[in-house]
Amino acid sequence: MPVRPTEALMHQAQSRPESAAFIFHEDVWTYRRFADEVERAARGLAAQGVKAGDRVILHMMNRPEMLVAYYACFKVGAIAAPLRTTLKYAELAPLLRRLKPALYIGETGPYQNASSVDAAILPENSCLIVNSAAEQSCGVQPWDNLLKQDASADLPVPASCKPAVLINTSGTTGQPKFVTHTLDTLAAATDLLGKHCAFAENDMIVLSTGMAHASGLSTSLACIGRGMPFVVLESFDADAVLDNVERYGCTWLLGFPYHYAALLASQQEKPRDLSSLRVCLTGGDVCPVDLQERATSVFGAPLYNFWGASEVMGSLTFGLEDGPVVRIVEGARVRLVDDRGADVGHGETGELLIAGPNVFVGYWNDPDATAQSLKAGWYYTGDLMRRGDGDELWFVSRKKDIIIRGGTNISPVEVEEALIASHPAVEEAAVVGKPDPILGQRVFGFVKLTGGAKQTIVPEILENVAQHLAPHKIPEDLQVLSALPRNALSKVDRKILQVMVSADTAPSASASHALTKIAARRPKAAILGG
């Protein structure tokens, strides 16, 4: 029977209290310390008036307080709602209005400041900052205030079937969705990950993928459930990842394909002793075979593909060959179907469907989107695959129009709407993914300008849209068309645009100039994808 995250933490704290749960900036957090901090934070949440079902925003980089806040929410039955720090205020504010949070927990930094959170969105005195010791002012409190709350009352036992986490993800529509997981679905997912990832007794992982993302959250939950220590990095930095592998003798690496390209460059520039590595995993997008081969050769450990989604984790594990191959885990319920919903034959391509206790329960407050993706207990992933030998599945392509840049989903419609809204010269816009050997795809835009507007306006359009979108969503080039191609239904024909962008490899001079200026203002991590 899968164990809920809070129960798994309690077991580790009781059975191995002085063992390392994780390390952050060389500070070792034992299970005893971690569990004690979670208990104090949970009681602080209750004293703050946070109740079961209330949403708590987690808006910070990877850090101990992020993990503590997750588990504290689990203990009181609150719903943790992590949001990425790359979001601009124009993107953040509507999400907060939809969530109607009881509490916001964030941090100060160049990308985010508590003052940017509209006071009209949050209740009074409901904003906590984790990396500031300042006294309460203007409704903002330091994190330590939460831990000092006088909360002697017993905590309620949360319902394991109720929403526990809302993971923000882009869809094929302009409005982002919130993938809803319960304590039960999280327990089932982490149980599968722990059983089928071939972890050894002395394994240790470097975690640099964001805990606001399903990959970072599921990895941390699985490690704690298995009692396997991990090194927490605030964000991906190739030098820091490799330095920590060498310092602590880490055995596992997790990342996206573009991470491994950066890791290879870093290792070539400054060689480290990586002999402790056993397994490297990459997910989020297809990893080029040549990148797999180079990483395996340089790191001395195989680089395997891994499949997962915000909606379901653990049903598939990493493949054992080069190429876009994964394996179905024992007991997983998986189908490949055609457009009519009929199962396809061996070797034929079909859409991947997954069912089981680890599948999300729906999109929060979005019954239409839920009905489209969850049918009769099956999650329609939108990924096209074919069966290989034994338990293998080979990825073929994506059924949806979604753009995946460096492992991050980007809604074309959202970017298109931002292009049109950000500049009066843009009459129409269409966005597609441009193939890229490292990031998987880059965002490429096409625009039709209003009468009289000149192509020289492109740099200004890109400058404007950069104020409305996170860095990874900004088009890396724009092409001006006299008219957007349309199909028989008068819809923009993305297939034609995809052919055009795949054939074009050189950005226009005006767009390149604008991108250079935009990139100069981006932090390093943001350029890599956030």
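Bear in mind these aren't lab numbers, they're just calculated from the coordinates by the rules spelled out. Note that the structure is a prediction, hence the values are computed from the model and not measured. Heads up, the Cβs are rebuilt from the backbone with ideal geometry, glycines too, and the neighbour counts pull from every protein chain shown.
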Is the stretch 236-398 best put as rounded, prolate or oblate by its Cα gyration tensor, with a ≥ b ≥ c the root eigenvalues, rounded for a/c under 1.5, and otherwise prolate when a/b is larger than b/c, oblate when not?
-> prolate
Work out, step by step, the length gained on full extension between Gln372 and Glu417: first 0.36 nm times the residue separation, then minus their alpha carbon distance; give nm to one decimal.
-> 13.9 nm
Calculate the spin-label point distance for Glu427 paired with Asp343, positioning each point 7 Å from the Cα along the beta-carbon direction, and give it in nanometres.
-> 5.3
Between Arg97 and Ala52, 0.36 nm times their residue separation minus their Cα-Cα distance comes to what?
-> 14.3 nm
Amide hydrogen neighbours beyond the local backbone of Ile79, cut-off 5 Å, H modeled | Gly53, Asp54, Arg55, Val56
On full extension of the chain, what length is gained from Arg486 through Ser297, given 0.36 nm per residue of separation minus the C-alpha to C-alpha distance?
-> 63.4 nm
For the chain, the Cα convex hull volume per residue in Å³ comes to 155
Separation of alpha-carbon centers, the stretch 282-359 and the stretch 245-276, rounded to whole Å = 23
Let me have the 222 nm mean residue ellipticity of the chain computed from DSSP H runs of 4+ only, each contributing -39500 (n - 2.57), with the sum over all residues rounded to the nearest 500.
-> -10000 deg cm²/dmol
Scalar couplings 3J(HN,Hα) for the stretch 292-308 by Karplus 6.51 cos²θ - 1.76 cosθ + 1.60 (θ = phi - 60°), nearest whole Hz, x for Gly and Pro, are 4, 5, 5, 5, 4, 5, 6, 8, x, 9, x, 9, 10, 7, 9, 10, x
Output ³J(HN,Hα) for the stretch 156-161: one whole-Hz value per residue in order, computed from phi by the Karplus curve 6.51 cos²θ - 1.76 cosθ + 1.60 with θ = phi - 60°, and x for Gly and Pro.
-> x, 8, x, 6, 6, 9
With a Förster radius of 30 Å, plug the Cβ-Cβ distance of Val289 and Ala198 into 1/(1 + (r/R0)^6) and report the FRET value to the nearest 0.05.
-> 0.85
So the FRET efficiency between Glu330 and Leu155, C-beta based with R0 = 41 Å and rounded to 0.05, is 0.70
